[in-house]
Amino acid sequence: MSTAVLSPETFREEASRRLIDRWELQQLLDIRSRSAVARMVEDGRLPRPVVSKTGASPLWDKDEVLEHTDRQGG
């Protein structure tokens with residue numbers, strides 16, 4: 001897979017548009033609890049976060065979430 005080189009400004013804009021935290025994910029999909037998000041990821045109803053580090057909030061790709069939930073009928 002080739003790597004695309006983006007300018008810092010382009011990367012910043014794209015990351016700002018696409019990366020969402022758990023709270024934004026819950027708002028986007030009207031999910032009421034953190035545990036529901038975890039269950040949905042475990043069940044495959046939501047994609048895994050693209051960034052998940054110990055002690056930090058996980059981040060999802062908004063475009064991937066929307067594509068996955070549309071495909072899953074959710």
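The values are calculated or read from the model by the stated rules, or taken from the named source; none is laboratory data. What you see is a predicted model; the values in this text were computed from it and never measured. Heads up, the Cβs are rebuilt from the backbone with ideal geometry, glycines too, and the neighbour counts pull from every protein chain shown.
Residues in segment 11-48 that are touching an Asp or Glu at 6+ places or on another chain (Cβ under 6 Å) and not charged (D, E, K, R): Pro47 only.
Does segment 23-32 include one or more residues that are touching a strand residue (DSSP E or B) at 6+ places or on another chain (Cβ under 6 Å) and at pLDDT 95 or above?
yes
With respect to Arg12, is the statement that it is in contact (Cβ under 8 Å) with a residue 24 or more places away in the chain and part of a helix (DSSP H, G or I) true? Criteria not met by Arg12. On the stretch given as segment 45-74, residues that are part of a loop (DSSP other than H, G, I, E, B), modelled with pLDDT of 95 or more and out of contact with any Pro (no Cβ under 9 Å at 6 or more places or on another chain) total 3. Kindly evaluate Arg17 against the criterion of being on the phi < 0 side of the Ramachandran plot, in a helix (DSSP H, G or I), in contact (Cβ under 8 Å) with a residue 24 or more places away in the chain and among the basic types (Lys, Arg). In short, yes.
Residue by residue through segment 20-39, note down the ones that are part of a loop (DSSP other than H, G, I, E, B) and surrounded by fewer than 11 Cβ atoms within 10 Å (Cβ to Cβ).
Just the residues of segment 20-39 that are part of a loop (DSSP other than H, G, I, E, B), to begin with: 30-33.
Hits for segment 20-39 are Asp30, Arg32, Ser33.
One residue stands out in segment 32-74 among those that are touching a residue at least 40 places away in the same chain (Cβ under 8 Å) and not charged (D, E, K, R): the one that is farthest from Arg18 (Cα to Cα), namely Gly74.
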